[in-house]
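J.: Just passing along the structure, written as structure tokens.
Laboratory data are not the source of any read-out in this text; all were calculated from the coordinates shown. Keep in mind the model is a prediction, meaning the values are calculated, not measured. Virtual Cβ from ideal backbone geometry, glycine too; neighbours counted across all protein chains shown.
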Amino acid sequence: MKFDPIDRDLAESAVQLFERRYEQIRSVSPVFELNLFEEPSHAETLLDWASNGASVVAHEDGVVHGYIAGRFIKFYGATKALYAPEWAHCVSDEDDKLLTKMYTWLGREGHLSGTTVQIISMFVDDARSRDAMANLEFGVHQIEGVFGSRAAMNGPAMPADVVVRAATPDDLPAIVDLDRKLWEHLNRPPVSLGLDLTAYPHADLDAENAKYKVPRQGAYISVAERGGELVGFMSCRNGAQESRALRNMSVPHVNGAFIREDMRGAGIAQALLSDVLRWAKGESAPNVTVDFESTNPEAAGFWLSQDLRPLVSAFTRRISL
Ligand SMILES: CC(C)(COP(=O)(O)OP(=O)(O)OC[C@H]1O[C@@H](n2cnc3c(N)ncnc32)[C@H](O)[C@@H]1OP(=O)(O)O)[C@@H](O)C(=O)NCCC(=O)NCCS
């Protein structure tokens, strides 16, 4: 077996390997997008990622048995990281150790130098890749999934003095305040994302692609109000999925949720999610998706209690050099 960086010929064969695997995955979970790479093609995208990152293809006599391609990114705006999404790696069934061998080759040949964070996303059903990465000291960092039909159906009744409604433009400053608290939450242990709080990015409501805007086509923000004050919000936007295999402009993705600390555990997030799902239904959206850090116990506890079906999971390794 030979190991080489990806080139045009190898990219075409690597794509065929992925497409066969993806067909199996879609036969179990049709929620994944059928046409992942219409423009540009999957092979072009792989080549582009590889030229801005690192890649390896395992091949023998013209047959590709596996590949990894990753782009170098700034992890949460700071650390140099390698990011290989779920469509950017695949191994054939023959060799259980191939993913490990390819990752080892990338490191030993110096292709990962300078990265102290390495992220490989994978389909949650891909038990073999998960075990291989776990043995390489990767741990689950982020989970993305789709809500099942029982979401937000049962749970505690909301306090009588809390009203859930659609956000208005006047709510936006209060939503940004709550979102800033969400950032602080994600910076604290055990999530500890290392976000730059001094450069909080969502405050500028006039920015072209501001995270929060009301009204906005294909987006909805639900808020919880008590005594004239916002105590929580949940925002969603079509096509904001992290995973390319799940990204769909007809599918809303929850891209922000926060309940004031003293109001938690009273069913407010559940009522907001019901409101978001009601809006999505009105838009004929086939699903609603969300992603969250697995180190965030409140988020993990909440979303998984809402009949969320995890579909893609990002595995991360942090190396101190
Ligand atoms: C996650 C969050 C939005 C949940 O809000 P909430 O209003 O407290 O949630 P609810 O009261 O509607 O909880 C409904 C169910 O979720 C689950 N749940 C909620 N908080 C939980 C926690 N801390 N641990 C485990 N399960 C939890 C429970 O099953 C709960 O039902 P139960 O009380 O009958 O057991 C809130 O904790 C929060 O704002 N956290 C900080 C910000 C954040 O992490 N946002 C999510 C980013 S992806």
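J.: In whole Å, what is the distance between the alpha-carbon centres of the range 63-88 and the range 1-32?
T.: So the two Cα centres are separated by 15 Å.
J.: Do any GluC sites (Glu not before Pro) in the range 12-77 lie in a loop, going by DSSP, with at most 14 other beta-carbon atoms within 10 Å of their beta carbon, and if so which?
T.: Taking the range 12-77 and a limit of 14 other Cβ atoms within 10 Å, the loop GluC sites (Glu not before Pro) found are Glu38.
J.: Oh, and also: Quick check on packing: order 141-150, 98-107, 204-213 by the mean number of other C-beta atoms within 10 Å, highest mean leading.
T.: 98-107, 141-150, 204-213
J.: Going by the alpha-carbon gyration tensor, a ≥ b ≥ c the square roots of its eigenvalues, is the range 1-140 rounded (a/c under 1.5) or, if a/c is not under 1.5, prolate (a/b greater than b/c) versus oblate?
T.: rounded
J.: Right, something else. If you put +1 on each Lys and Arg Cβ and -1 on each Asp and Glu Cβ, how big is the dipole of the range 185-240 around its Cα centre, in Debye rounded to 20? Mind dumping the intermediate values first?
T.: Values: 6 positive and 6 negative charges, 45 e Å.
I would put it at about 220 debye.
J.: Something else about it: First measure r as the distance between the Cβ atoms of Leu34 and Thr198, then evaluate 1/(1 + (r/R0)^6) with R0 = 45 Å and state the FRET efficiency to the nearest 0.05.
T.: 0.55
J.: What nm value, rounded to one decimal, do you get for the distance between Lys74 and Asp161 when each label is placed 7 Å out toward the C-beta?
T.: Roughly 4.5 nm, to one decimal.
J.: Pull up all non-local amide H partners of Ser121: gap of 5 or more, or a different chain, and H-to-H distance under 5 Å with H placed in the peptide plane.
T.: Here the answer is Ala84, Glu86, Phe315, since their amide H atoms fall under 5 Å of that of Ser121.
J.: Going toward the positive end of the dipole of the chain, with +1 on Lys and Arg Cβ and -1 on Asp and Glu Cβ, which of Ala240, Ser284, Ser305 do you reach last?
T.: My answer, from the dipole projection, is Ser305.
J.: Could you calculate the FRET efficiency of Arg278 with Gln217 from 1/(1 + (r/R0)^6), where r is the beta carbon distance between them and R0 is 30 Å, rounded to 0.05?
T.: It comes out at approximately 0.95.
J.: Considering the zone a paramagnetic label at Glu109 would reach in this model (a point 7 Å from Cα along the Cα-to-Cβ line), which residues of the range 79-98 have amide N under 19 Å from it?
T.: Taking a point 7 Å out along Cα→Cβ of Glu109, the residues of the range 79-98 whose backbone N falls under 19 Å are 82-85, 88-92, 95, 97-98.
J.: Right, something else. Nearest 20 debye, what's the magnitude of the dipole of the range 2-136 about its Cα centre given +1 on Lys and Arg Cβ and -1 on Asp and Glu Cβ?
T.: 680
J.: Here is a follow-up. Taking a ≥ b ≥ c as the square roots of the Cα gyration tensor eigenvalues, with a/c under 1.5 meaning rounded and otherwise prolate when a/b beats b/c, else oblate, which class fits the range 147-309?
T.: Since a/c stays below 1.5, the shape of the range 147-309 is classed as rounded.
J.: Quick one: which residues, 5+ away or cross-chain, put their amide H under 5 Å from the amide H of Val146? H built at 1.01 Å from N.
T.: Close amide H contacts, sequence-distant or interchain: Arg309, Leu311.
J.: Between Arg26 and Asp96, what is the spin-label point distance in nm, taking each point 7 Å from the Cα along the Cα→C-beta axis?
T.: Roughly 3.1 nm, to one decimal.
J.: For the charge dipole of the range 23-132, defined by +1 on Lys and Arg C-beta atoms and -1 on Asp and Glu C-beta atoms about the Cα centroid, which residue among His42, Ala58, Tyr76 has the Cα displaced farthest towards the positive pole?
T.: Value computed over the given set: Tyr76.
J.: Under a Cβ-only charge scheme (Lys and Arg +1, Asp and Glu -1), can you give me the dipole magnitude of the chain about the Cα centre, in debye to the nearest 20?
T.: On the way: 32 positive and 45 negative charges, 118 e Å.
Around 560 debye, computed over the chain.
J.: Now for a separate question. Sum up the charges of everything whose Cβ sits under 12 Å from the Cβ of Leu34, counting Lys and Arg as +1 and Asp and Glu as -1, but leave Leu34 out.
T.: Net of charged neighbours comes to -3.
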